1. What residues qualify as long-range amide H neighbours of B:LEU25, i.e. H under 5 Å apart, gap of 5 or more or another chain, H built at 1.01 Å from N?
2. I'd like to know how the stretch A:131-270 sits against the 2.2 N^0.38 Å rule of thumb: what's its Cα Rg over that expected value?
3. May I ask you to give the percent of accessible area on the stretch B:206-272 that is carbon plus sulfur, with a probe radius of 1.4 Å?
4. Give me a comma-separated list of calculated 3J(HN,Hα) values for the stretch B:343-360, in order, Karplus coefficients 6.51, -1.76, 1.60 applied at θ = phi - 60°, integers in Hz, x for any Gly or Pro.
5. Students often get this wrong, so check it: of A:LYS218/A:LYS241; A:LYS85/A:LYS247; B:LYS134/B:LYS173; A:LYS213/B:LYS286, which have C-alpha atoms separated by over 29 Å?
6. What residues have an amide H closer than 5 Å to that of B:ILE9, excluding those fewer than 5 places away on the same chain, when H is modeled at 1.01 Å from N in the peptide plane?
7. For a distance above 16 Å, tell me the whole-number percent of Cα pairs in the stretch A:189-250 that qualify.
8. Tell me the accessible surface of B:LEU251 in square angstrom (1.4 angstrom probe, heavy atoms of protein chains only), to the nearest ten.
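The values are calculated or read from the model by the stated rules, or taken from the named source; none is laboratory data. Keep in mind that this is a model prediction, so the values were computed, not measured. Because the Cβ atoms are built from the backbone with ideal geometry, glycine has one as well, and the counts that use them run over all protein chains shown. SASA here: full protein model, heavy atoms, side chains in, ligands and nucleic acids out. Shrake-Rupley method; radii C 1.70, N 1.55, O 1.52, S 1.80 Å.
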Protein chains: 2
Amino acid sequence: MSSNDVESIGNVVAQTAHFDEPLLLRSGREIAQYDIVYETYGTLNDDASNALLICHALSGHHHAAGFHEGDAKPGWWNECIGPGKAIDTNTYFVVSLNNLGGCHGSTGPTSINPETGKVYGPDFPIMAVRDWVKSQYRLMQRLNIPHWAAVVGGSLGGMQVIRWSIDYPQLVKKAVVIASAPKLTAQNIGFNEVARQAISSDPEFHDGHYLEKDTYPKQGLILARMLGHITYLSDDAMREKFGRELKTGKLSFDFDANFQVESYLRYQGEQFSSRFDANSYLLMTKALDYFDPTCDHDGDLVKCLSQATAKFLVVSFSTDWRFPPSRSEEIVQALLAARKSVSYLEVDAPQGHDAFLFPIDDYVNCLTAFLKTDTKEQNHA
Amino acid sequence: MSSNDVESIGNVVAQTAHFDEPLLLRSGREIAQYDIVYETYGTLNDDASNALLICHALSGHHHAAGFHEGDAKPGWWNECIGPGKAIDTNTYFVVSLNNLGGCHGSTGPTSINPETGKVYGPDFPIMAVRDWVKSQYRLMQRLNIPHWAAVVGGSLGGMQVIRWSIDYPQLVKKAVVIASAPKLTAQNIGFNEVARQAISSDPEFHDGHYLEKDTYPKQGLILARMLGHITYLSDDAMREKFGRELKTGKLSFDFDANFQVESYLRYQGEQFSSRFDANSYLLMTKALDYFDPTCDHDGDLVKCLSQATAKFLVVSFSTDWRFPPSRSEEIVQALLAARKSVSYLEVDAPQGHDAFLFPIDDYVNCLTAFLKTDTKEQNHA
């Protein structure tokens with residue numbers, strides 16, 4: 001694929017919105033001022049009724065589609081966003097941002113804290129999903145968008161969609177919650193905690209002040225990503241992809257990478273460690289762990305979702321064991337009990353949790369139909 | 001439970017057998033001389049026909065039952081081994097050993113290499129399951145046991161049982177393979193590799209020469225165990241045990257252990273790190289990864305098992321996702337195709353992979369019946 005790809009939106013340029021009004025956070029702390037980096041694809045229509053927000057997952061960012069000039073690889077969800085694609089930029093004005101606390105341009109741990117003149121590092125406050133949604137709301141206002149025709153997200157992005165639908169119920173027409181969960185299980189939290197311990201026990205972590213020492217916890221990030229990566233793939237996908245293939249065709253009886261899967265995971269970890277900030281990773285995993293929209297509703301998901309007015313599409317993937325279909329079904333059941341409009345699709349897909357990034361036919365068709373139908377209804381209204 | 005427990009075999013004392021004959025290993029290397037530490041429970045009968053071998057799993061050892069003088073806790077499988085228990089010491093003479101390469105008394109990385117006068121450390125050769133079985137065979141000869149009435153093991157122990165049944169087919173009357181697999185999947189290997197990388201990237205690892213520097217890779221071991229522990233428990237078991245319980249009842253918005261599950265995993269990791277040797281852990285996980293009894297049989301498990309003459313019992317646990325029932329069923333199907341005698345039980349149990357250590361009724365009854373029936377048949381023969 002290249003920038004000449006006819007189905008691509010071509011080259012895109014990220015923009016930055018600066019906000020001076022302090023953002024009060026769930027933790028009680030606040031961010032006095034901040035930048036949000038975002039991209040837009042497609043054109044906002046005359047009555048500004050076709051805006052669609054993309055919420056990114058753990059290691060995602062604003063560059064969801066199209067190409068940055070000179071890049072060989074497109075944005076992370078290019079397969080699904082573009083002219084004629086599931087999220088059709090001929091119809092929608094797509095907004096994709098980097099969440100606060102991230103490390104791709106929006107204010108986060110690697111940014112300079114204006115109060116101290118030094119990088120935030122570990123002093124950057126832990127964000128909750130609702131804090132991100134609040135900051136996304138401000139971006140929406142800045143862009144003169146009166147409401148979202150749709151808010152769409154996978155995994156941690158799906159949690160932001162749920163939060164949008166209950167915190168700003170009138171502003172979300174359609175909510176697409178993909179490969180997500182109403183809250184993490186103890187097992188999910190356990191995996192995140194191992195990843196965090198891997199990072200924070202790396203001697204190069206320096207209690208999070210690694211940048212001041214011109215270093216970073218590379219090994220910790222590698223371990224965190226290796227572990228994460230296993231949980232994003234299905235057992236079947238790994239069997240299919242690697243099986244028990246040996247790099248050199250024979251057992252080496254040493255501790256070098258011997259099986260292909262070892263080599264692959266090390267490579268993935270290595271790549272990730274050079275592009276992601278450790279403090280951001282810690283923050284993002286905490287937001288995942290903390291997410292529980294029922295916390296203000298006596299733990300009752302039905303009560304919590306009864307405020308929503310959006311039409312929902314919930315999608316899960318058969319081999320996703322990090323956020324299995326049963327977790328999506330919890331959301332669906334609660335929406336039904338709250339008498340909301342909801343469509344649900346469990347996609348038969350071998351890829352595991354990562355499936356949400358792939359243009360799988362059933363999934364793409366369903367997403368396309370859901371986004372098209374609703375748009376038509378609006379047009380007729 | 002105490003040493004006065006009527007169903008306990010009471011106090012036990014470990015013994016050591018020294019071997020001078022070199023052990024040629026799968027890797028091509030050899031161990032010139034070695035010790036094997038073992039325990040026995042019950043009495044060898046006159047015709048030495050009632051010996052039963054216990055093969056231990058990844059972090060196991062010879063102390064499977066009874067009490068070491070002064071200890072409050074019994075051996076790791078005390079629930080299933082003792083007078084009147086599933087592995088009945090009134091019937092069987094039970095032999096339980098610490099495998100070579102371990103760190104509980106048998107020769108391993110923490111032992112002195114007689115050739116250098118220094119600890120082996122990382123120079124201890126990587127063992128294959130077949131090497132352990134060969135060393136167990138020598139112990140059997142030393143104890144004047146002509147054959148095993150049964151060989152029993154869970155997880156990595158089950159792999160040793162499979163190996164016994166094909167390498168010494170005439171010497172195994174009954175083979176009990178519990179919560180095991182014919183070989184690891186890429187996902188299994190992936191988890192092991194993350195654990196190994198956690199250990200070997202710990203700066204205190206010193207390429208395995210940590211003991212010479214009077215230190216050890218504590219953090220790496222903690223991470224390895226935290227990760228392992230998650231995979232030994234079922235998702236349900238973790239939900240039941242911890243849910244989303246918070247240590248202090250509220251979100252802390254920092255990186256201290258906030259959820260109970262975080263605190264529990266850290267504790268388990270910490271405990272383990274003080275009792276297990278890092279080089280041993282590396283070795284044991286490699287033996288798991290490498291195990292593939294079909295490697296000498298064109299990858300054909302049926303062909304491979306066709307040599308066996310033992311009666312098999314294969315047991316799996318419904319919520320075990322590290323070695324799920326489907327992996328046990330592969331063994332059962334191959335045994336059936338090879339026209340072997342095999343009983344199979346999938347136990348409905350919430351505990352995950354760890355279930356094999358618990359005295360679950362269906363499991364205990366099945367094990368008891370399988371071991372009893374066969375003994376009677378022998379007595380009648």
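1. So B:LEU25 has HN proximity to B:GLU30, B:ILE31.
2. Details: Rg = 20.4 Å, N = 140, 2.2 N^0.38 = 14.4 Å.
Here the Cα radius of gyration is 1.42 times the empirical estimate.
3. On the way: 1410 of 3180 Å².
About 45 percent, which is the carbon plus sulfur part of the accessible surface.
4. Values, residue by residue: 10, 10, 10, 9, 8, 7, 9, x, 6, x, 4, 4, 3, 5, 8, 9, x, 6 Hz.
5. Numbers: A:LYS218/A:LYS241 26 Å; A:LYS85/A:LYS247 38 Å; B:LYS134/B:LYS173 17 Å; A:LYS213/B:LYS286 37 Å.
A:LYS85/A:LYS247; A:LYS213/B:LYS286, as the Cα separations exceed 29 Å there.
6. For B:ILE9, the qualifying residues are B:GLY66.
7. On the way: 1082 of 1891 pairs.
Value for the stretch A:189-250 (Cα pairs over 16 Å): 57 percent.
8. 40 Å²
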